[in-house]
Amino acid sequence: MLDGLRARSPAALARAISLVENGAPGFESLLASLHGSLGRGRRIGITGPPGAGKSTLIERLTAAYRAGGLTVGVIAVDPSSPFTGGALLGDRIRMEQASLDPGVFIRSMASRGSQGGMATATGEVADVMDAYGFDRILIETVGVGQSELDVAAAADTTAVVLVPESGDDIQVMKAGLMEIADVFVVNKADRPGADRLRQDLGVAMGLRSGQVYRHVPAHHGPTHGRTLGEAERSLGASEGAERAVRQSERAAAATPTPWEPPVLATVATGNTGIAELVDALNRHFAHLDATGTLATRRRRRLDLRTREVVDRALRRWAWSDAESRRHLEAALSEVAAGRVSPYDAAAGIVARLQRSEGV
Ligand SMILES: Nc1nc2c(ncn2[C@@H]2O[C@H](COP(=O)(O)OP(=O)(O)O)[C@@H](O)[C@H]2O)c(=O)[nH]1
Ligand SMILES: [Mg+2]
């Protein structure tokens with residue numbers, strides 16, 4: 001399989017992705033072998049409510065990247081089954097037009113990954129695509145819950161797609177999408193209310209960056225944007241004002257300019273605003289790179305991945321043990337009868353594992 005991947009065989013890629021997605025025997029050693037080839041591809045999360053036009057945008061983005069000579073891997077994460085979900089079936093039919101091109105590979109992930117969280121499974125499939133050599137890896141998720149936010153967190157750049165239909169802006173604040181957005185896309189800008197939504201998002205972003213600046217010392221006068229109490233504490237009773245200003249200026253120079261998520265308008269079906277979106281994604285990546293945030297994000301990703309692999313190994317170890325399963329079965333009728341709590345039953349199983357392995 002490794003040879004096939006190195007030879008850039010699409011069939012080997014499809015097999016490798018299935019192996020990883022299903023957590024089939026050997027998938028972890030495959031991923032371990034690929035680790036040295038990672039880091040070329042840029043991972044871009046496209047998230048937002050169902051029907052916002054994420055798939056249509058991805059199709060347009062893919063076409064734009066292909067026109068620029070870049071190859072594209074697409075991962076569509078959808079909790080509904082690809083065989084029953086009508087919308088996803090629609091996606092597939094439209095996406096398959098792109099997949100006739102060998103520079104594009106599209107994979108729908110219906111399962112949450114049998115061996116762990118959806119975010120981990122998605123990240124592992126993205127690794128395979130990265131190692132294979134795709135320049136851009138686009139990950140579509142429906143932005144509705146924590147697991148989707150986790151998937152988005154696994155990307156280098158996250159674009160949040162909204163539409164000028166009822167109350168998306170409010171939904172965004174509630175769902176935590178505001179915090180993860182590097183780029184906002186107001187799609188269906190051909191519909192009424194698009195300008196209003198862009199304005200609202202702009203105002204919300206302004207409020208957010210206001211909070212960011214509150215922690216950056218001001219150049220002229222230390223109290224601007226902060227409470228007097230805070231300013232006094234940071235100044236100290238004996239410090240001269242000039243010295244405080246010099247310190248503020250040094251701190252401001254050392255703080256990289258924060259990224260302000262742009263709010264773009266697109267009409268995915270009309271191919272409008274796509275070049276601007278490509279440009280915004282490029283600018284964000286350049287910003288990540290220049291500020292060292294890219295390395296930080298990727299390091300955090302590897303930290304999470306390593307922890308997840310440990311968790312997975314522990315789960316496998318605990319439940320592959322026949323005694324653990326027997327202990328659980330034996331305890332269950334007591335638990336069901338209300339005589340033993342699940343916590344006591346679990347403690348018994350853990351204690352037995354510790355004894356048996358001499359932990
Ligand atoms: N009017 C209009 N419709 C769009 C636009 N973008 C996508 N659509 C339509 O919206 C529907 C949902 O699009 P889809 O890409 O499947 O949304 P997803 O669920 O976010 O992936 C489809 O019927 C698209 O043709 C747009 O910019 N304007
Ligand atoms: Mg879709």
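Name the pairs whose Cβ atoms lie under 7 Å apart, with the first residue in region 303-324 and more than 15 Å from F27 (Cβ to Cβ) and open to solvent by 80 Å² or more (accessible area, probe 1.4 Å), the second modelled with pLDDT under 90 and part of a helix (DSSP H, G or I), and 6 or more positions between them or separate chains?
Sorted first by the residue in region 303-324, then by its partner, the pairs are W319/R325.
With the checklist (1) at pLDDT 80 or above; (2) loosely packed, with under 15 Cβ neighbours inside 10 Å in hand, flag the one item A265 doesn't pass.
The number of the failed condition is (2).
Considering region 29-71 alone, what residues qualify as being within 16 Å of ligand 2 (Cβ to nearest atom) and part of a loop (DSSP other than H, G, I, E, B)?
Hits for region 29-71 are P49, P50, G51, A52, G53.
It is to be established whether one or more residues within region 78-88 are assigned to a loop (DSSP other than H, G, I, E, B), modelled with pLDDT of 90 or more and either in contact with a Leu (Cβ under 8 Å, 6 or more places away or on another chain) or over 27 Å from G202 (Cβ atoms) (or both). Explain how you work it out, then say what you get.
At the first step, the residues of region 78-88 found to be assigned to a loop (DSSP other than H, G, I, E, B) are 78-85.
When the remaining residues are screened for being modelled with pLDDT of 90 or more, the result is none.
No, region 78-88 contains no residue that is assigned to a loop (DSSP other than H, G, I, E, B), modelled with pLDDT of 90 or more and either in contact with a Leu (Cβ under 8 Å, 6 or more places away or on another chain) or over 27 Å from G202 (Cβ atoms) (or both).
Starting from residues that are in contact with a Ser or Thr (Cβ under 6 Å, 6 or more places away or on another chain) and buried (at least 24 other Cβ atoms within 10 Å of the Cβ), keep the ones in region 119-147 and report whichever is modelled with the lowest pLDDT.
Taking the candidates together, the pick is G143.
For region 284-322, which positions are among the polar types (S, T, N, Q) and either within 17 Å of the chain's Cα centre (by Cα) or within 24 Å of M118 (Cα to Cα) (or both)?
T293, T296, T306, S320
Give the residues of region 5-40 that are surrounded by 15 or more Cβ atoms within 10 Å (Cβ to Cβ) and farther than 28 Å from A313 by Cα, sorted by residue number.
S9
The values are calculated or read from the model by the stated rules, or taken from the named source; none is laboratory data. Values in this document were obtained by computation on a predicted structure and should not be read as measured data. Note that each Cβ is placed from the backbone with ideal geometry, even for glycine, and that neighbours are counted across all protein chains shown. Quick note on the areas: whole protein, heavy atoms, side chains included, nothing else; ligands and nucleic acids left out. Shrake-Rupley method; radii C 1.70, N 1.55, O 1.52, S 1.80 Å.
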